[in-house]
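J.: Just passing along the structure, written as structure tokens.
The values are calculated or read from the model by the stated rules, or taken from the named source; none is laboratory data. Bear in mind the structure is a predicted one, so any value in this text is a computation, not a measurement. All Cβ positions, glycine included, derive from the backbone under ideal geometry; neighbour counts span all protein chains shown. Side chains included, ligands, DNA and RNA excluded: accessible areas come from the protein's heavy atoms. Shrake-Rupley method; radii C 1.70, N 1.55, O 1.52, S 1.80 Å.
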Amino acid sequence: MSAPPGRLTLITGPSGVGKGTLVQRLLAHHPQIWLSISATTRSSRAGEVEGEHYFFLSREAFEQQVAEEGFLEWAEFAGNLYGTPRQPVEAQLAAGRPVLLEIELEGARQVRRSFAAGFQIFVEPPSFAELERRIRGRGTDSEEAIGRRLERARVELAAAPEFDAVLVNGDLDAALAELERLMGLAS
Ligand code: ADP
Ligand code: 5GP
């Protein structure tokens, strides 16, 4: 008997809410989950590794991949392009592995249209002030980039009711436990 096809879970929410932090904790506890590595035209931040955090592409190379329908979804965010390479996601699902995407709102909406069976989780901050503190505290973005991310965050937060579940990332351990529960994983 062949293994059942894997399940696709998508996590979204405003930049700085703690999606990356939650996902890294989740993967450390559940190594069977396969996390999609996105492509982006943004420049790498200190400590980011090509092929591990992102595939860093020129705008030209990214657009070429769009033309070849190489992305499951893609979107522009805060002046840069981001996309999910299609082939690896399809291969992992076909192999029966649980697949996790961590992407922004427009991409989530595209995936909703193409993968109706996927489960979509929206991560919210406890307050807008706390979101701003986290983005600034990360210390990786210019003042201009922070402004763009905060402006975009207001739009994204309004979209929370579209999602299968809303997860408030206040206390990190509690949020991780709730994420595991939503994904049907034993903690
Ligand atoms: P995102 O991936 O959503 O952009 P990050 O995971 O980079 O967000 O988190 C943004 C900042 O907030 C980081 O400095 C991270 O350490 C911090 N952070 C994440 N989750 C929490 C939490 N539950 N409580 C306090 N700080 C958090
Ligand atoms: P960052 O620049 O902070 O790494 O990411 C900015 C935003 O882009 C985040 O909200 C992140 O979830 C989103 N993002 C990362 N990869 C992708 C992707 O492949 N597609 C889409 N649509 N968004 C992505």
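J.: Tell me whether segment 104-126 contains one or more residues that are closer than 20 Å to residue 151 by Cα, assigned to a strand (DSSP E or B) and more than 16 Å from ligand 1 (Cβ to nearest atom).
T.: No; the residues of segment 104-126 include none that is closer than 20 Å to residue 151 by Cα, assigned to a strand (DSSP E or B) and more than 16 Å from ligand 1 (Cβ to nearest atom).
J.: Let me ask another. If the Cβ limit is 7 Å and pairs must be 6+ apart or interchain, which residue in segment 146-165 that is closer than 23 Å to residue 117 by Cα pairs with which residue that is aromatic (Phe, Trp, Tyr)?
T.: Filtered contacts from segment 146-165: 160/122; 163/122; 164/119.
J.: Sticking with this one: Going through segment 162-187 one residue at a time, which ones are touching a helix residue (DSSP H, G or I) at 6+ places or on another chain (Cβ under 6 Å) and open to solvent by 80 Å² or more (accessible area, probe 1.4 Å)?
T.: Within segment 162-187, just 187 meets the criteria.
J.: Okay, moving on. Quick one: would you say residue 44 is assigned to a loop (DSSP other than H, G, I, E, B) and buried (at least 18 other Cβ atoms within 10 Å of the Cβ)?
T.: The answer is no for residue 44.
J.: Next up: In this structure, does residue 73 turn out to be open to solvent by less than 20 Å² (accessible area, probe 1.4 Å) and charged (D, E, K, R)?
T.: yes
J.: Going by what's in this entry, would residue 151 be described as assigned to a helix (DSSP H, G or I), over 15 Å from the mean Cα position of the chain (by Cα) and under 27 Å from residue 7 (Cα atoms)?
T.: no
J.: Turning to a different aspect of this structure: Looking at segment 56-73, is at least one residue at pLDDT 95 or above, closer than 26 Å to residue 25 by Cα and small (Gly, Ala, Ser)?
T.: No; the residues of segment 56-73 include none that is at pLDDT 95 or above, closer than 26 Å to residue 25 by Cα and small (Gly, Ala, Ser).
J.: Cβ-Cβ below 9 Å, separation at least six or inter-chain, first residue in segment 80-107 and touching a residue at least 12 places away in the same chain (Cβ under 8 Å) and more than 24 Å from residue 182 (Cβ to Cβ), second of a type in the set (Val, Ile, Thr) and open to solvent by less than 10 Å² (accessible area, probe 1.4 Å): which pairs?
T.: The qualifying pairs are 80/40; 81/40; 83/40.
J.: Of all residues being assigned to a helix (DSSP H, G or I) and touching a residue at least 40 places away in the same chain (Cβ under 8 Å) in segment 133-145, which is nearest to residue 176 (Cα to Cα)? Just the residue, please.
T.: Only one residue tops the list, namely 134.
J.: Residue 84: hydroxyl-bearing (Ser, Thr, Tyr) and out of contact with any Ser or Thr (no Cβ under 8 Å at 6 or more places or on another chain), yes or no?
T.: no
J.: Right, something else. Would you mention how many residues in segment 100-115 are open to solvent by less than 20 Å² (accessible area, probe 1.4 Å) and farther than 16 Å from residue 19 by Cβ?
T.: So the count comes out to 0.
J.: Is it true that some residue in segment 51-61 is closer than 24 Å to residue 164 by Cβ, in a loop (DSSP other than H, G, I, E, B) and within 13 Å of ligand 2 (Cβ to nearest atom)?
T.: no
J.: Shifting gears a bit: Please pick out the residue among 180, 102, 143 that is under 29 Å from residue 47 (Cα atoms) and either of a type in the set (Gly, Ala, Ser) or within 14 Å of ligand 2 (Cβ to nearest atom) (or both).
T.: From the options 180, 102, 143, the qualifying one is 102.
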